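Data first, discussion second: the structure below is written as structure tokens.
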């Protein structure tokens, strides 16, 4: 039975000015899911299963509409939300949650599985087996009615595990999902609250899939209005005109995929537009990872002409990614001139440190991204820089070399301050988007 879903507009957050408003995407999603419970109360066809992390991931608004499920006698006073037949199931056992949701979905009902990003690989083997079941069911038991999708919501993602440290930095489930059947899996990395809501609606409406959604629980800027977010989710990747100044002919394409990578790439864009205003930048955001793939291999793959229109045919692309760079390289295999894609992401560098320092350790901070963009776009710089091919660099950009030196100095200064003060400096923590302001405004 299909779910009754809330109107997205009722939960939309303000995006009148891109980046001016901050919001916890998971906090707002909790309110949306509370309404899902309310709208489907009579049908009893929706559950959340979670390894003891609903509240810690800011989804606690669901408890305003639904309670925990308990199976043994307990003192009601220990839990103000005690409901004997509650539909929120929490136990610190990922494989138990997988079994619960899998069985529930196969009865024709719906659910979602929030989990810390670092610990979802615990059920990797079970997800693999379920994917095989879906394949065989689809191909050899066509009499079976389609069932709702298995929906995984990965939270507490590695780029903000500055307090838990290295042990909680692990985006590898993305790579595992790439090895599942192409027509069954989907991977979504919505960049803000409104795109998360639109993505979850799409997942809850889908059938016969394994959907992976990665989002952040911490307050982050909202970039797109709800109407823009719906359109963005529809395409899976779009050019953000308000962050671009290319007028149809960029020197470099800056592409972000994931919440923190998008924020940091926009910070790099602001730096570049302020310091090197003649550099023509096209800013692209990717929320459906599989649009990068050839449509012959992935149903959501972007057609060749649309891919060329978005990423150009011959310009360098700096791709700032949430997970391991190998995932993007795997997807763009056999795309024309794939060597012009320079992917940065998590490279297994980390410790208990500040958020910016963690980015810098992995080479995905604003300064290193800006340096990379200039090095790839400017032909005179590219020809001289070791390891940078000039094959796809277009022209000499005034001020490029001076800007590269300045960005390098700013990176060194910032990391020195972090070591001295034990925290990110105010211009990093308080950064907001500006198309033409200074680095710290």
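Quote the relative contact order of the chain in percent (integer), defining contacts as alpha-carbon pairs under 8 Å separated by 6+ residues.
15
Here r is the Cβ-Cβ distance between residue 144 and residue 306 and R0 is 35 Å; the resulting FRET efficiency, rounded to 0.05, is 0.55.
Here the range 21-221 carries DSSP beta bridges of which approximately 20% are antiparallel, counting only pairs with both residues inside.
When peptides 86-99, 357-370 are sorted by average Cβ neighbour count within 10 Å, with the highest value leading, the order is 357-370, 86-99. For the Cα atoms of the chain, what angle does the longest principal axis make with the long axis of helix 25-39, in degrees from 0 to 90, nearest 10? Roughly 30 degrees between the two axes.
Measuring from label point to label point, each 7 Å out along Cα→Cβ, what is the residue 175 to residue 396 span in nm? Reported label-point gap for residue 175 and residue 396 is 4.2 nm. Approximating the spin labels as points 7 Å out from Cα along Cα→Cβ, the residue 1-to-residue 427 distance works out to 5.9 nm.
Report, in degrees rounded to the nearest 10, the 0 to 90 angle that the Cα long axis of helix 366-377 makes with the longest principal axis of the chain. Long axis of 366-377 versus the principal axis of the chain: about 60 degrees.
According to the calculation over all Cα-Cα pairs in the chain, the P(r) per 20 Å bin from zero is 26, 56, 18, 1 %.
Looking at the square roots a ≥ b ≥ c of the eigenvalues of the Cα gyration tensor of the range 235-429, which shape do they give, rounded for a/c under 1.5, prolate if a/b is larger than b/c, or oblate? Write down the numbers at each step before the final one.
On the way: a/c = 1.84, a/b = 1.31, b/c = 1.41.
Judged from the Cα gyration tensor, the range 235-429 comes out oblate (a/c at least 1.5, b/c at or above a/b).
What share of the DSSP beta bridges in the chain is antiparallel, in percent to the nearest 5?
Once the DSSP bridges in the chain are tallied, antiparallel ones form about 20 percent.
Once the Cα-Cα distance is subtracted from the 0.36 nm per residue extended length, the residue 92 to residue 313 segment shows a gain of 74.7 nm.
Taking Cα atoms only, the orientation of helix 94-106 departs from the longest principal axis of the chain by about 70 degrees. Report, for the range 235-429, the % of DSSP beta bridges that are antiparallel, rounded to 5. Roughly 15 percent of the DSSP beta bridges within the range 235-429 come out antiparallel.
Where a number appears in this text, it was derived from the coordinates with a stated rule and is not lab data. Here the structure is a predicted model, which means the values were calculated and not measured. Ideal geometry is used to build each Cβ from the backbone, glycine not excepted, and the neighbour counts take in all protein chains shown.
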